[in-house]
Amino acid sequence: MKKTLVLLLPLLLTLSCINTRMQVEESPENLTSNPMGKGPSLKIEMTRGEGHNHPLMAIWVEKPDGTFVQTLYVAESIGKGVFQHGDASRGFWQPGEIQRPAALPYWSHKRGIKNGDGLYLPTPTSPVPDAYTGPTPGQSFVLNTKLDEPGLMKFNILFEINQTWDWNEYWTNNKFPDDEEYKTSCQPALVYSVSIDLDNPQEAYEMKAIGRSHHSGANGDLFTDLETLTTALHIAENVMVRLQEPF
């Protein structure tokens with residue numbers, strides 16, 4: 001009996017650790033942005049997929065005709081223009097100013113604000129306000145957020161997500177050998193969207209992938225061919241939007 005217990009103990013401990021990790025992973029990270037907003041309150045829930053590994057992301061609002069309204073949330077590394085691994089001048093990585101036009105080009109071009117280098121990217125001197133930025137979630141998350149102002153009854157929510165260095169058989173590391181920006185992105189950013197009509201509200205809205213961004217961020221076009229994407233399609237398992245009353 002003692003020998004059996006000794007043999008089973010490591011297995012039980014292992015199973016216990018696995019179960020604990022699963023419980024931790026299944027608990028989404030809670031995020032909040034724009035708490036002082038006066039418009040409709042939204043809850044955006046992303047369940048991570050098997051391709052998820054600290055991707056960069058942006059969430060924003062557009063009018064039905066595609067006109068940019070506002071950012072709801074963007075990873076602070078993009079929103080501030082400072083990355084944790086942005087400066088290796090001392091022989092090791094430390095936070096530093098850097099621009100990554102291939103990271104979230106559809107959002108950045110839609111936002112439409114050029115910096116001093118002619119890129120559509122925030123910088124430390126012209127950052128996205130703190131109310132709309134936050135850390136890159138390391139797991140599934142729930143974002144509680146608000147629109148700035150009331151009155152917009154029909155609008156679209158968009159979500160752009162990009163996983164760095166996720167090569168595949170089509171988006172290889174030598175596909176564009178002279179394009180350094182491409183090498184920081186690999187498979188292009190994926191764009192999701194959903195339409196909201198407050199006159200006919202639903203309990204929940206599922207966001208759908210509508211296209212991909214330019215592979216190196218050279219423009220703000222949306223490309224609808226997704227056949228060459230593989231793991232990028234599984235960074236997020238699903239993305240849901242829920243309205244929080246009153247709206």
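In the stretch 229-242, the residues that are in a strand (DSSP E or B) and open to solvent by 70 Å² or more (accessible area, probe 1.4 Å) reach residues that are among the hydroxyl-bearing types (S, T, Y) and at pLDDT 95 or above with C-beta atoms within less than 6 angstrom, at least six apart or across chains, in these pairs: E237/T47. Considering T145, T133, T123, T172, the condition of being in contact with a helix residue (DSSP H, G or I) (Cβ under 7 Å, 6 or more places away or on another chain) and modelled with pLDDT of 95 or more is satisfied by T133 alone. Scanning the stretch 51-67 for residues that are among the charged types (D, E, K, R) and out of contact with any strand residue (DSSP E or B) (no Cβ under 8 Å at 6 or more places or on another chain) yields a total of 1. Scanning the stretch 51-78 for residues that are farther than 26 Å from C186 by Cβ, open to solvent by 10 Å² or more (accessible area, probe 1.4 Å) and aliphatic (A, V, I, L, M) turns up just one, V69. State whether the residues of the stretch 216-228 include one that is assigned to a helix (DSSP H, G or I), surrounded by 15 or more Cβ atoms within 10 Å (Cβ to Cβ) and not basic (K, R). No. Considering the conditions (1) farther than 20 Å from T71 by Cα; (2) not in a strand (DSSP E or B), Y106 is excluded by exactly one of them, (1).
Checked against (1) in contact with a helix residue (DSSP H, G or I) (Cβ under 6 Å, 6 or more places away or on another chain); (2) modelled with pLDDT of 95 or more; (3) not in a loop (DSSP other than H, G, I, E, B), F83 meets all criteria but (2). The residue pairs whose first member lies in the stretch 30-49 and is more than 18 Å from P246 (Cα to Cα), whose second member is open to solvent by less than 10 Å² (accessible area, probe 1.4 Å) and not in a strand (DSSP E or B), and whose beta carbons are closer than 6 Å, counting only pairs six or more residues apart or on different chains, are G49/I235. The residues in the stretch 156-210 that are open to solvent by less than 20 Å² (accessible area, probe 1.4 Å), in a strand (DSSP E or B) and farther than 22 Å from H52 by Cβ can be counted, and the count is 1. In the stretch 124-155, the residue that is least open to solvent (accessible area, probe 1.4 Å) out of those that are among the aliphatic types (A, V, I, L, M) and part of a strand (DSSP E or B) is L143. Pairs meeting the criteria (first residue in the stretch 118-132 and over 13 Å from A75 (Cα atoms), second residue part of a helix (DSSP H, G or I) and at pLDDT 95 or above, beta carbons under 6 Å, at least 6 apart or on different chains) are Y120/S108; Y120/H109.
The values are calculated or read from the model by the stated rules, or taken from the named source; none is laboratory data. Note that this is a predicted model, so its numbers are computed, not measured. Neighbour counts are summed over all protein chains in view; Cβ atoms, including those assigned to glycine, are modelled from backbone coordinates with ideal geometry. Heavy atoms of the whole protein, side chains included, go into the accessibility calculation; ligands, DNA and RNA do not. Shrake-Rupley method; radii C 1.70, N 1.55, O 1.52, S 1.80 Å.
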